[in-house]
Amino acid sequence: MGSLDIAGFEAAARARLADDVWGYIQGGSGSESALRANREALERLRVRPRFLVDVSACDPSTSVLGLPLATPLGIAPMAYHRLAHPEGEVATAEAAGASGTLLTVSMFASRTLEDIAAAAAGSPLWLQLYWLRERAAVVELADRAAAAGFSALVLTVDAPKVARRPRDSRSGFTVPEGIGAVNLPSSLTASAHRHSEGASSIERHSREQFDPGITWADLAWLRERTSLPLLIKGILTAEDAELAVAHGASGVVVSNHGGRQLDCAVASADALPEIVDAVGGRCPVVVDGGIRHGSDVLKVLALGADLALIGRPVLWGLAQGGAAGVAELLELLRAELTEAMVLSGCPLTSDINRSFITAG
Ligand SMILES: Cc1cc2nc3c(=O)[nH]c(=O)nc-3n(C[C@H](O)[C@H](O)[C@H](O)COP(=O)(O)O)c2cc1C
Ligand SMILES: O=C(O)C(=O)c1ccccc1
């Protein structure tokens with residue numbers, strides 16, 4: 001406990017987790033070039049601070065899709081939080097709920113939607129979905145989410161299949177027995193636990209279960225079957241952002257999946273400006289990938305994002321200390337963001353705009 005910076009959380013988690021689990025969480029696809037690019041793009045951006053602005057009252061709160069949020073920082077969907085801590089998503093939700101932080105729950109969550117919702121105590125929850133061949137299971141989950149008080153769905157479109165991930169192939173990573181995607185029928189999840197030669201078990205499982213044949217035209221099918229707003233996650237071009245809006249998306253998530261899908265994909269911070277311009281304020285723009293500091297949130301907001309999601313660091317906090325570890329991580333990022341706003345002359349999130357950014 002008591003990590004002073006993000007590196008402390010990462011080191012504490014590394015010390016606690018088994019090598020194969022660590023490799024699964026930290027790793028990317030292929031040569032991990034997209035994984036590195038996310039950080040490089042954020043590091044390249046520099047902020048142009050303004051001074052003699054009254055920053056005696058600095059407020060990082062915001063709202064997205066009508067949801068009031070304590071900060072423009074949410075939690076990205078990640079499978080199987082129980083890999084990092086026995087209480088899994090319930091511990092994450094407790095910390096998110098206590099601080100009013102948006103939590104996006106993965107379709108492959110290892111605790112039930114209902115238990116997660118109870119722990120979040122009214123704080124906003126979104127549910128992430130993959131488009132499974134078994135469409136009925138997707139709709140059933142969407143219905144359960146609506147009943148449990150989730151306020152939006154997030155369809156991830158950058159994964160017709162999970163990419164080749166050398167760390168997982170080398171380690172022989174499989175989802176341990178006793179940790180599972182408990183919100184899905186067990187007939188759809190069994191093979192994630194079986195070792196397979198060559199491909200990682202996650203990759204093979206995705207080839208069995210994910211539908212690689214869906215197109216933009218299929219979105220109407222899902223939208224007709226849920227009353228929840230639907231965001232599209234994994235957008236990396238102005239063209240796809242335009243198509244998402246044209247097909248009724250309530251928001252887009254600019255993401256290269258944390259460098260875990262197309263290895264040569266553009267960094268999310270580099271893709272962000274053209275997507276913000278294409279969307280033109282018609283829906284919220286969310287971004288993830290390599291957000292590690294409060295100043296990274298300031299940077300992506302300056303490029304026009306409404307909300308930034310953090311992925312891996314949440315699992316580091318969870319591994320370090322369950323709900324308390326995640327709470328500490330969220331507090332660190334909130335404090336860093338508030339300081340970055342004070343030091344750059346932005347008392348409110350609505351004051352942050354592109355004039356604060358330079359390419360370095
Ligand atoms: C261990 C792990 C599991 C993930 N599982 C999912 C998932 O189930 N659904 C999804 O849409 N994205 C998933 N992602 C991608 C994240 O939502 C997010 O795009 C990415 O992690 C953000 O980058 P960051 O980790 O650098 O912050 C996963 C990422 C990690 C690290
Ligand atoms: O590991 C991932 O990035 C991921 O998205 C995923 C996909 C299917 C099952 C578990 C995780």
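Values for this structure:
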{"quantity": "E140-D351 FRET efficiency (beta carbon distance; Förster radius 45 Å; 0.05 resolution)", "calculated": "0.55"}
{"quantity": "FRET E, pair V53, E331, Förster distance 25 Å, beta-carbon r, rounded to 0.05", "calculated": "0.50"}
{"quantity": "Extension gain, A15 back to R46 (0.36 nm per residue minus Cα-Cα distance, nm)", "calculated": "7.9 nm"}
{"quantity": "Residues H195 and R133, FRET efficiency given R0 of 25 Å [Cβ-Cβ distance, rounded to 0.05]", "calculated": "0.65"}
{"quantity": "Residues whose placed amide H lies under 5 Å from that of F210, excluding near-sequence neighbours", "calculated": "R133"}
{"quantity": "Accessible surface, per residue, of the stretch 4-80 when the full set of protein chains is kept, probe 1.4 Å, Å²", "calculated": "50 Å²"}
{"quantity": "In the stretch 119-195, GluC sites (Glu not before Pro) in a DSSP loop with at most 11 other beta-carbon atoms within 10 Å", "calculated": "E177"}
{"quantity": "Mean-position separation - Cα centroids, the stretch 238-294 and the stretch 299-360, in angstrom", "calculated": "17 Å"}
{"quantity": "Average Cα contact separation per residue, the chain, under 8 Å, 6 or more apart, as relative contact order %", "calculated": "27 percent"}
{"quantity": "Gyration tensor (alpha-carbon) shape descriptor, the stretch 189-274, a/c threshold 1.5", "calculated": "oblate"}
{"quantity": "Structure-based [θ]222 nm, the chain - -39500 (n - 2.57) summed over DSSP H runs of at least 4, per residue, nearest 500", "calculated": "-12500 deg cm²/dmol"}
{"quantity": "Karplus-derived HN-Hα couplings along the stretch 132-140 (A = 6.51, B = -1.76, C = 1.60, θ = phi - 60°), whole Hz, x at Gly and Pro", "calculated": "7, 4, 7, 4, 4, 5, 5, 5, 4"}
{"quantity": "Charge sum, other residues only, whose C-beta stays under 14 Å from P72's C-beta, Lys/Arg counted +1 and Asp/Glu -1", "calculated": "-4"}
{"quantity": "Share of carbon and sulfur in the accessible heavy-atom surface of the stretch 1-107 [1.4 Å probe, %]", "calculated": "52 percent"}
{"quantity": "Peptides 45-56, 84-95, 11-22 ordered by average Cβ neighbours within 10 Å, highest first", "calculated": "84-95, 11-22, 45-56"}
{"quantity": "The stretch 1-51-the stretch 177-216 distance, computed between alpha-carbon centres (Å)", "calculated": "26 Å"}
{"quantity": "Shape category assigned to the stretch 254-360 from the gyration tensor of Cα positions, a/c cut at 1.5", "calculated": "oblate"}
{"quantity": "Whether the stretch 142-243 is rounded, prolate or oblate, judged on the alpha carbon gyration tensor where a/c under 1.5 counts as rounded", "calculated": "oblate"}
{"quantity": "Surface per residue (accessible, 1.4 Å probe) for the stretch 177-275, Å²", "calculated": "41 Å²"}
{"quantity": "For I357, residues with placed amide H under 5 Å, excluding near neighbours", "calculated": "R48"}
{"quantity": "Under-5 Å amide H pairs with A152, H placed in peptide plane, nonlocal only", "calculated": "L127"}
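The values are calculated or read from the model by the stated rules, or taken from the named source; none is laboratory data. This one's a predicted model, so the numbers in the text were calculated from it and none came from an experiment. Ideal geometry is used to build each Cβ from the backbone, glycine not excepted, and the neighbour counts take in all protein chains shown. These area figures cover heavy atoms from the full protein model, side chains too; ligands, DNA and RNA do not enter into them. Shrake-Rupley method; radii C 1.70, N 1.55, O 1.52, S 1.80 Å.
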